[in-house]
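The numbers here are math on the coordinates, done by the rules we state, and not lab data. Every value quoted in this text rests on a predicted model; they were computed, and no experiment measured them. Positions of Cβ are generated from backbone atoms using ideal geometry, with glycine treated the same way; all protein chains shown enter the neighbour counts.
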Amino acid sequence: MSPNIWNWRAIAGGAGALYVHVPFCVRKCAYCDFASWGMDSNDGRMRVYARALSRQAEELASAGLLEGCMTAYVGGGTPSMLGPEVLSGLLHTLRTVAPNMRELSCEANPDTLSDEVLVAMREAGTTRVSIGVQSLEDAELVELGRLHDAKTAAERVSAAVATGMDVSVDLMCATPQQSKETWGRTLLAACELGVGHVSVYPLQLEQGTPLGDRYAHDDPCWNEEEVQANRMEMAQSVLSAAGFARYEVASYARADKQCLHNTAYWTGIPYVGVGYGAASMLDRATYVQLRSVAPQLPALEGWVQRVRLSVERPWDRIACDHRLCSECFSVELLNAQESLAEDLMLGMRLSRGIGGALVAQAKEAFGNRFVRTIERLVADGLVSCENGSLVPTQLGWLLGNQIFGPLWSLSDNL
């Protein structure tokens with residue numbers, strides 16, 4: 001692990017970030033394979049589930065896990081679907097259990113982001129709202145199975161900006177009906193809405209989704225790797241010209257508007273997740289804290305450096321019994337070499353790459369294997385050396401898996 005991360009942990013303790021998963025949507029989108037379910041907006045089980053998440057957050061706090069928590073992210077699904085009263089209660093709890101929190105983010109979709117929900121978010125202490133716009137072209141939105149149209153998206157984003165909260169929009173490229181011209185219009189229109197952050201993702205056609213099944217045998221030209229790369233480069237050009245800087249593989253921000261929660265994921269800061277499908281990444285000390293309220297988790301052997309967890313208990317079971325001692329987790333254990341290789345790999349998602357301290361630690365741990373790996377990545381034009389840091393090049397950004405794979409492989413056969 002890099003020294004700067006360990007210093008942070010020594011000072012802060014516990015988890016640095018909290019993720020809360022709300023798995024409900026009005027309707028699943030045509031491309032979605034996330035842990036989410038279509039739900040009637042009046043279904044009372046959503047209130048019960050949200051209350052259970054609040055109780056779990058309080059239980060984490062009682063174990064000291066949230067004393068150093070700096071960010072929380074309520075994602076989904078569609079958290080804005082909870083409505084102003086229920087959502088406000090959940091957000092207020094998060095503020096209460098993590099009093100040192102600097103950033104509280106909440107996801108929303110335009111069709112459920114009413115003025116009342118926006119007011120509830122702001123008054124409950126939300127600092128940042130992330131809105132799933134995906135496109136500002138009606139034909140593309142229909143193909144993606146989105147419930148809003150372009151006009152509604154623009155209106156709701158503008159209303160969010162007017163609250164004074166930081167606003168991010170998600171945009172999707174390499175989609176059906178999208179052309180270079182329509183993509184350009186979406187990017188320019190998004191820039192004009194006054195947001196401080198934009199995330200851009202190529203559509204991934206996943207098996208078992210309506211879009212994935214529809215095009216399973218077609219190999220659609222609009223989703224080819226070259227098209228994806230061209231769309232991502234176009235986004236970089238348009239957003240950079242509008243004053244956004246790319247700080248992560250898929251994220252752009254105006255000055256001082258980067259998402260702190262996103263950055264925590266890529267810099268090895270421990271985070272804990274609640275709700276069905278929520279992931280956690282914990283160091284040994286934080287894991288021990290979690291075991292004090294979730295004793296069903298296995299004790300760690302001495303070689304374990306890092307633990308990754310995922311909540312597997314269905315949302316309706318969580319709603320019936322919120323106790324963390326009843327939770328069911330998948331567990332992945334990483335040794336010191338795997339943890340270091342993972343830090344290298346995740347650090348390369350950031351535009352700034354990995355700093356000199358982590359580079360020095362990797363040289364010490366992996367020796368000539370690390371040196372040769374970096375030499376190959378540099379020779380292939382994927383990585384550059386800048387003042388002791390290793391930074392992904394433009395090509396490395398577009399072909400990230402060709403960096404991530406070799407770095408992760410450093411932990412093999414040690």
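Brief remarks follow.
- Residues considered: Glu155, Glu140, Glu364. Largest GNM mean-square fluctuation over the chain, using C-alpha springs under 10 Å, is found at Glu364.
- Sparse-neighbour loop sites [GluC sites (Glu not before Pro); the range 243-319; at most 15 other C-beta within 10 Å; DSSP]: Glu301, Glu312
- The chain - share of DSSP beta bridges that are antiparallel (%, nearest 5): 45 percent
- Cut-off 13 Å, label 7 Å out along Cα→Cβ of Leu395, residues of the range 353-384 by amide N: 376-384
- Within-13-Å neighbourhood charge of Ser310 [Cβ basis; K, R +1; D, E -1]: -1
- Summary of the geometry: the range 212-241 and the range 275-322, compared by the centres of their Cα atoms, lie 37 Å apart.
- Potential extension, Lys151-Arg313 segment - 0.36 nm per residue separation minus Cα distance: 54.5 nm
- The calculated FRET efficiency for the pair Ala379 and Trp408, based on their C-beta separation and a Förster distance of 22 Å, comes to about 0.70.
- Candidate cross-link partners of Lys151 among the lysines, defined by an alpha-carbon separation under 30 Å and a same-chain spacing of 8 or more, comprise Lys28, Lys180, Lys257.
- Relative to the current alpha-carbon distance between Ala255 and Glu332, full extension at 0.36 nm per residue lengthens the span by 24.1 nm.
- Extending 7 Å from Cα along the Cβ direction at Asp138 and again at Glu116 yields two label points whose distance is 2.8 nm.
- Contour excess over end-to-end distance, with Cα ends at Ala216 and Lys180 and 0.36 nm allotted per residue: 10.6 nm
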